[in-house]
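Report on the following structure.
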Amino acid sequence: KEFLPTTLKELQEVLALPVIPKRIEAFDNSNLNGTNSVAGMVCFINGKSVKKEYRKFDIKTVSGIDDYESMREVLFRRYSRQLKENNQLPDLILIDGGKGQLSAAKSTLDKLGLGYIRVIGLAKRLEEIYVPESLEPQNISKTSSSIYLLRKIRDEVHRFSVNFHRQIRSKNMTKSILSSIKGLGESRIKLLWRNYNSFSEILLADAQSIYKCTKIPLKIIKEIKVIIKKQLKESDE
């Protein structure tokens, strides 16, 4: 028999959900001054995070900072694909944000014919929970285990999306820095990022092992390491 934490049953009660929220998916947007806008999605099944179900999104249709439109885009892409591929849908969707982000999410679900899936917002400032049918936050005890679980999920999706944003920013910055090296074109830079996740990883890797992975000539690898060292030193100052 499947074990269900009592927290999930409590969550069903406090949010008046039609089913126990065995599968919860949560979303958060991340950007810096409107650049490299991305979003992350995490998935918790039976109260535990399931990393293989996490998803990353590059925001494609929104320019500048627009959290509401970014949320619409990401939810539309996620759930239109889930419907198309007949994949499992969540029992509860959690949005990292307040009333505005929640309204954007709800309108997207309605558009996809998924208005029956419960969606809530958890605002950072006062740790308040919002539901679509009320302008006021829900009056739920801040000490209940169900709120603790929602905070945990919200913090995890925030961490995940911020880390993804940092990776993208770092890669874009590296691309502009490394493209000044003669003989290091876009395809070779892509090969580097296919095998390494950060400046530090490239720097720590042995030149021969980088050559084995990428077939980039050793002379160019040495230049890459010199430029990365310089960049890391400047960013520390």
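The values are calculated or read from the model by the stated rules, or taken from the named source; none is laboratory data. This structure is a prediction, so every number in the text was calculated from the model and none was measured. A quick note on method: Cβ atoms are made from the backbone with ideal geometry, for glycine too, and the neighbour counts reach across all protein chains shown. To get the accessible areas, we keep the full protein, side chains included, count just its heavy atoms, and leave off ligands, DNA and RNA. Shrake-Rupley method; radii C 1.70, N 1.55, O 1.52, S 1.80 Å.
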So which residues in the range 136-166 are surrounded by fewer than 16 Cβ atoms within 10 Å (Cβ to Cβ), closer than 24 Å to Phe76 by Cβ and of a type in the set (S, T, N, Q)? Asn163
For the range 90-130, name all the residues that are in a loop (DSSP other than H, G, I, E, B), open to solvent by less than 30 Å² (accessible area, probe 1.4 Å) and among the hydrophobic types (A, V, I, L, M, F, W, C). Leu114, Ile117, Ala123
Which members of the range 34-64 meet the condition of being farther than 16 Å from Gln167 by Cα, over 11 Å from the mean Cα position of the chain (by Cα) and of a type outside the set (Gly, Ala, Ser)? Phe44, Ile45, Asn46, Lys48, Val50, Lys51, Lys52, Glu53, Lys60, Thr61, Val62
Which residue pairs have Cβ atoms under 7 Å apart, sit 6 or more places apart or on different chains, and have a first residue in the range 75-90 that is more than 19 Å from Lys22 (Cα to Cα) and a second that is part of a helix (DSSP H, G or I)? Leu75/Ala105; Leu75/Thr108; Leu75/Leu109; Phe76/Thr108
For the range 21-45, which positions are open to solvent by less than 40 Å² (accessible area, probe 1.4 Å) and at pLDDT below 95? Asp28, Asn29, Ser30, Gly34, Ser37, Val38, Ala39, Gly40
Is there any pair linking a residue in the range 143-160 that is under 18 Å from Asn46 (Cβ atoms) and of a type in the set (A, V, I, L, M, F, W, C) to one that is open to solvent by 10 Å² or more (accessible area, probe 1.4 Å) and assigned to a helix (DSSP H, G or I), with Cβ under 7 Å and at least six apart or on different chains, and which? Leu149/Thr7
Scan the helices (runs of 4 or more DSSP H) fully inside the range 182-230 and keep the ones with 1 or more residues being within 20 Å of Arg166 (Cα to Cα), of a type outside the set (Phe, Trp, Tyr) and touching a Leu at 6+ places or on another chain (Cβ under 7 Å). 186-195, 199-204
Index of the failed condition, Asn197 passing every other in (1) surrounded by 15 or more Cβ atoms within 10 Å (Cβ to Cβ); (2) modelled with pLDDT under 85; (3) closer than 24 Å to Val38 by Cα: (1)
Could you identify the single residue in Lys52, Lys56 that is open to solvent by 80 Å² or more (accessible area, probe 1.4 Å), in a strand (DSSP E or B) and farther than 21 Å from Tyr148 by Cβ? Lys56
Glu133 fails exactly one of the following numbered conditions: (1) modelled with pLDDT of 85 or more; (2) in a helix (DSSP H, G or I); (3) surrounded by fewer than 17 Cβ atoms within 10 Å (Cβ to Cβ). What is the number of that condition? (2)
Could you please tell me which pairs satisfy a Cβ distance under 8 Å, a separation of 6+ or placement on different chains, a first residue in the range 193-218 that is over 21 Å from Ile168 (Cα atoms), and a second residue that is among the small types (Gly, Ala, Ser)? Pro217/Gly183; Leu218/Ala207
